[in-house]
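The values are calculated or read from the model by the stated rules, or taken from the named source; none is laboratory data. Fair warning: this is a prediction, and the values are worked out from it, not measured in the lab. With ideal geometry, Cβ positions are generated from the backbone for all residues, glycine too; neighbour counts draw on all protein chains shown.
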Amino acid sequence: MPAGPVGHRTEPGDPESWRRSLLRAGAMLFGTLVLATAFIAAYAGALHQPTPKDVPIAVVRSDQPARTLLAAVRQQDRALKPVEYADRRAADDALDSREVYAVVASTNTGGKPGLSLVTASAAAPLAAQVITQTLQVAAERAQVPLAVTDAVPIAGNDPRGLVPFYLAIGLVLGGYLGSTVLGITVGTTPRTVGRAAARIGGLAVYSALLGLAGALVTGPGLDVWHSRFASLVGAGALAAFAAAMAAAAVQGWLGLLGTGLVILLLVVLGNPGSGGIYAPEFLPDFFRDMHLWNVPGLATDLVRAVVYFGPDATARPAGTLAIWAVAGLLLLLAAAAFRGRRIHAHT
């Protein structure tokens, strides 16, 4: 198709070229229709009726009063899932590493038995809310006082916990868009391994800048978070680079048609699979399982872990995102070595 003024493409003049253009446009519109429909179905299917199921809550194995209460709750509703630990320190460590959303324990103050509930609302505000409300009702029925403490509260400027999700989506979106822009402007499959390495380096720098931009916007810009700035920059750069490498690898092997597959994985399925403000235990099983490996879900978990928790909570999402990044990098190099040489052999 001939080029017109800068930023414009001219229509083909002869009837045969016009018909071919219409066929290509029809195929692309159909593909867009399928993706848009899948996007609607995925979001509506995952988030139209979030229902908590097996939300993990820690309890010490020898703490019979707390175990009895949780067992009674479990018999009536499968919303909560007791997870037993050898001692209180192990239970608290599980809360810090985001293995559970709360710890329940029996107390005895002045000879009066009671219960304590320690939550971490920063991990998932709605999960903490469901746990608190459920155990308050159960404790009231058992006529046992319940003291609730939030050990890791959500930021005051983000009461619903939306900012980690939106930041993660922006990082992932920016990552795959950066790769797509390079594919459109300089070609989806590098001619040589050296050129692929240069593209990887460019996307790494771009991802680092995007991570810095995201941290600046959510930190000093919006004043949501006030600490761990450098860690947030690193987390953002990793999330963006993982998305960019995944997109570059798919596009390197499939061309621009691979962009549709990238959108399907990272947006259509990835965004609802990340859960948004909902913990994965609130999602249907398909999306709940996807949360453990899809890039948007991992990015959301990593941002929450970096801002509110410690190294133990960051290990799994950071490690899995690193696997995405390395796998994409190697596949892009392979595409340049094998497909690039064949495609460009006669050009």
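Taking the criterion of being over 24 Å from the mean Cα position of the chain (by Cα), hydrophobic (A, V, I, L, M, F, W, C) and not in a helix (DSSP H, G or I), the residues of segment 59-86 that qualify are VAL59, VAL60, VAL83, ALA86.
Restricted to segment 263-284, and to residues there that are among the β-branched types (Val, Ile, Thr) and closer than 20 Å to PRO317 by Cα, the residue that is surrounded by the most Cβ atoms within 10 Å (Cβ to Cβ) is VAL267. The one condition from (1) closer than 18 Å to VAL326 by Cβ; (2) surrounded by 15 or more Cβ atoms within 10 Å (Cβ to Cβ) that GLY219 does not meet is (1). Among the residues of segment 156-170, those that are at pLDDT 90 or above and of a type in the set (A, V, I, L, M) comprise VAL163, LEU167, ALA168, ILE169. Condition check for ASP158 on (1) surrounded by fewer than 18 Cβ atoms within 10 Å (Cβ to Cβ); (2) not in a helix (DSSP H, G or I): one failure, at (1).
Scanning segment 124-135 finds one or more residues that are more than 16 Å from ALA279 (Cβ to Cβ) and at pLDDT 95 or above. Just one of the listed residues (PHE282, PHE338) is in contact with a strand residue (DSSP E or B) (Cβ under 9 Å, 6 or more places away or on another chain) and modelled with pLDDT of 85 or more, namely PHE282. Scanning segment 134-153 for residues that are within 34 Å of the chain's Cα centre (by Cα) and either in contact (Cβ under 8 Å) with a residue 40 or more places away in the chain or more than 24 Å from ASP301 (Cβ to Cβ) (or both) yields a total of 10.
Contact map, segment 290-303: residues that are farther than 14 Å from GLY234 by Cβ paired with residues that are among the β-branched types (Val, Ile, Thr) and surrounded by fewer than 24 Cβ atoms within 10 Å (Cβ to Cβ), Cβ distance under 7 Å, separation 6+ or inter-chain. Pairs shown: TRP293/THR320; PRO296/ILE169; LEU298/THR320.
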